[in-house]
Each structure stands twice: as structure tokens, then as C-alpha cells.
Amino acid sequence: MQTLVSTLKRPPRSLWTLSDEVEVSRHTPVMLEEVVSYLQLLPGKVIVDGTLGEGGHSEGIVRKITPGGHLIGIDQDDDALSMSRLRLSPYESAITLVHDNFCNIRRIVDQVGYRQVDGILLDLGVSMLQFSSPERGFSFRLEAPLNMRMDKRAQITAFDLVNNLSQEELANLIYAFGEERFSRRIARVIVEQRRVQPIATTVQLAELVSAALPARERYRRIHPATRTFMALRIAVNRELEVLTSVLPEALDMLAPGGRLCVLSFHSLEDRIVKHVFRSAAKQGTVTLVAKKPLLPQESEIAYNPRSRSAKLRVVEKC
């Protein structure tokens, strides 16, 4: 944790494209039409959905690859996996669902029995199921323990970081992963409060962050705690480390002509994806299907606001 944070103490400008937290009652997969189209799905293909979530993308994928195809779905959240299993039950014979982190994609696919696959999807967005479940502690709008673990088996929680990191480590983390220019003020207030009592809940932390900011910053379009909560979530789940390690593995596993689609939702992720894809293209192992990221249509943004910060990058194995 400390090593990763220390390498990101001075992030470039505009690291984040932030959107409000959006609470929705049903899962709507982002850029589904584009994902299905760019994966070039046909019956008989083997596709990996490395971030299964609630199964929205996978449902669209498995319809196109059956009969004869196989979908391998991976998710570290057992709640999401249970929902997906129910949603995809009509295609039970054509799917394999695995409770794991997509950083283990090579081992998982090997165990299922394949050396190469025809397509891989990585949707890096946080599930609305996680945001809307109070006990998961992702949302500052819902009173809950400070958790933020996507995988309940993980040991480190947001509570641990908030209450145990030094003031400097906290400030660096919030600045690096949230580009929060008031990170030092926020860290100082957190440390002062935890000397009195531990900071245990989402609402408690959100109120402290809001109080740490200048008054003029408390009434912006986004909630004043948004950047801090995102930074903690990224740190708890090691999201950038995992993404950096999985992309080369995913590219290596593609069969010739196979495609890797990555949906990112903030520029820290997108910069990592862009760098890896461009590097692989220069080496001649892949071609960029589109030089610039694909963006959601205005019509999709209208009915699914959380899609507005999405960027889709696609490469094809040479």
C-alpha cells in the first residue's frame, strides 16, 4: 500500500472524471451495445467476463455465442455472483462462474480447460449492488460501517486505513487516488477525531471530510466526500495494482483475432489501459481497434447517468 501511494504523490492534472453517486433499483450494463458489437461475438466463441457484476454484459454476450460457445464469468463479490447465477440460469450449460479476482484470470481459464479465448471484457465500474447495500460501506449517503471491500474475504477495510495510517500516509492516499487538493486538511481532521474515538461509519467520515473543506467547497455539484471515498475504495481493493497486472495476462491469453474490451470510469484507470494498449501495439502484438476511447451515446447517458464517465478501449490480437 505504502509503495503504491508513494509513487503517485504528484498526479497529473484532471486525473478524474467524477460523477455523482447514482442509486438505481435495477442493474443497467454500461455501453452494452458497443461491448457486444466490438467483441465480434459468434456462436461457438469462448469469452471471459472478468468483472461479472450482476450479469448484464454477460447476458448480452452469452445470447450471441450460443449454441456451442462458453462464457467464463469471474467476480470477487459473492453477492454479485449469486445474482448473476440466477440471471444467467437459462444458459447454465454454457457458462462457468468463478468466485475470484480477475487478477487470477490465467489460472482460472486454465482450470476451466482453455489455453486461449476469443474475447475478454473488463468492466472496471463499481456495481450499483455494492453502492446500494449499506453493509458494504461504499456510499457516503448510507449509514454503514467503513468497509468498502469488494471481496468480503479481504482483510483490509476502509476502517483500517482511516484509523491506522499516519496523517501523511492518509494525505498522500487521498491526494494520489482522489486528486483531492484539500487532502492534507482532510487527513489532519481525521487524525484529530480518531484521537478522541475511532471513525467507524460512512456518515461519520463524510461529515468529517465536509467539515475539513472550506465552506465554498461544500456546495459543489459533487458531494465533498466523493474524492476521499473513491480514494479509499481504490486503496482497499488495490484496484490500480490489479489492473496493471491483469492487462498483460489478458492480452497474452487472446487467440489470434481475439479482442480485449476494457470499460473504465476515471482517468487513472484509463491512463493505465491506454499505456498498456499502445505499448502492445508498438510491439506488434495487438492492433488498436479505435485510437481514441469510445464514449456512450447521449441517449444512454439520459437513461443511465452513471455511464457518462465511461470510456471503452478495444484491441485485437495480431
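Read-outs throughout are calculated quantities, based only on the coordinates presented, and are distinct from any laboratory measurement. No experiment lies behind these values; they were computed from the predicted model shown. A quick note on method: Cβ atoms are made from the backbone with ideal geometry, for glycine too, and the neighbour counts reach across all protein chains shown.
So I have (1) 1.06; (2) 1.02; (3) 0.98, and one of them is Rg/Rh (Cα atoms, Kirkwood Rh) calculated from this model. Which one is it? Correct label, based on the coordinates given: (3). Of the residues Val112, Val236, Val276, which exhibits the maximal mean-square fluctuation in a Gaussian network model of the chain defined by a 10 Å Cα contact cut-off? Maximum fluctuation in the GNM of the chain, among the listed residues, is at Val112.
If you average the sequence gap of Cα pairs under 8 Å that are 6 or more apart and divide by the length of the stretch 213-318, what percent do you get for the contact order?
Numbers: 102 pairs, mean separation 32.6, N = 106.
Worked out over the stretch 213-318, it gives 31 percent.
Would you mind getting me the FRET efficiency between Glu143 and Glu168? Use the beta-carbon distance for r and R0 = 41 Å, nearest 0.05.
Values: r = 29 Å, r/R0 = 0.72.
Efficiency at R0 = 41 Å is approximately 0.90.
Is the C-alpha gyration tensor of the stretch 237-284 telling us rounded, prolate or oblate? Criteria: a/c under 1.5 is rounded; beyond that, a/b larger than b/c is prolate, otherwise oblate. Present the calculation step by step, with values, prior to reporting the outcome.
Details: a/c = 1.92, a/b = 1.59, b/c = 1.21.
Since a/c reaches 1.5 and a/b is larger than b/c, the shape of the stretch 237-284 is classed as prolate.
Can you tell me what share of the DSSP beta bridges in the chain is antiparallel? A percent to the nearest 5 is fine. Intermediate results must be reported in sequence, preceding the final value.
Details: 11 of 29 bridges.
Roughly 40 percent of the beta bridges in the chain run antiparallel, per DSSP.
Once the mean of 1/r is taken over each pair of separate Cα atoms and inverted, the stretch 121-253 shows a Kirkwood hydrodynamic radius of 15.4 Å.
Suppose R0 equals 51 Å. What FRET efficiency, 1/(1 + (r/R0)^6) with r the Cβ-Cβ distance, do Ala281 and Val196 give to the nearest 0.05? Write out the running numbers ahead of the final one.
Details: r = 54 Å, r/R0 = 1.05.
Given R0 = 51 Å and the Cβ-Cβ separation, E is 0.40.
If the reach is capped at under 20 angstrom between alpha carbons, list the lysines near Lys291, excluding any in the same chain fewer than eight residues apart. Of all the lysines, those that pass the test against Lys291 - Cα under 20 Å, at least 8 places apart if same chain - are Lys274, Lys282, Lys311, Lys317. Sort the stretch 38-121 into rounded, prolate or oblate with this rule: let a ≥ b ≥ c be the square roots of the eigenvalues of the Cα gyration tensor; rounded if a/c is under 1.5, and if a/c is not under 1.5, prolate when a/b is larger than b/c, oblate otherwise. Oblate is the answer for the stretch 38-121, as a/c is 1.5 or above yet b/c matches or exceeds a/b.
The simple spin-label model puts a point 7 Å past each Cα toward its Cβ; for Cys318 and Asp100 those points are separated by 3.0 nm.
Apply 1/(1 + (r/R0)^6) to the Cβ-Cβ distance of Arg87 and Ser299, taking R0 = 25 Å, and write down the FRET efficiency to the nearest 0.05.
With R0 = 25 Å, the Cβ-Cβ based efficiency is 0.55.
Indicate the gyration tensor shape class of the stretch 217-318 (rounded, prolate or oblate), computed on the Cα atoms with a ≥ b ≥ c the square roots of the eigenvalues: a/c under 1.5 is rounded; otherwise a/b larger than b/c is prolate and the rest oblate. Because a/c hits 1.5 or more and a/b fails to exceed b/c, the stretch 217-318 counts as oblate. Each peptide in 205-213, 47-55 was scored by the mean count of other Cβ atoms within 10 Å over its residues; highest first, the order is 47-55, 205-213.
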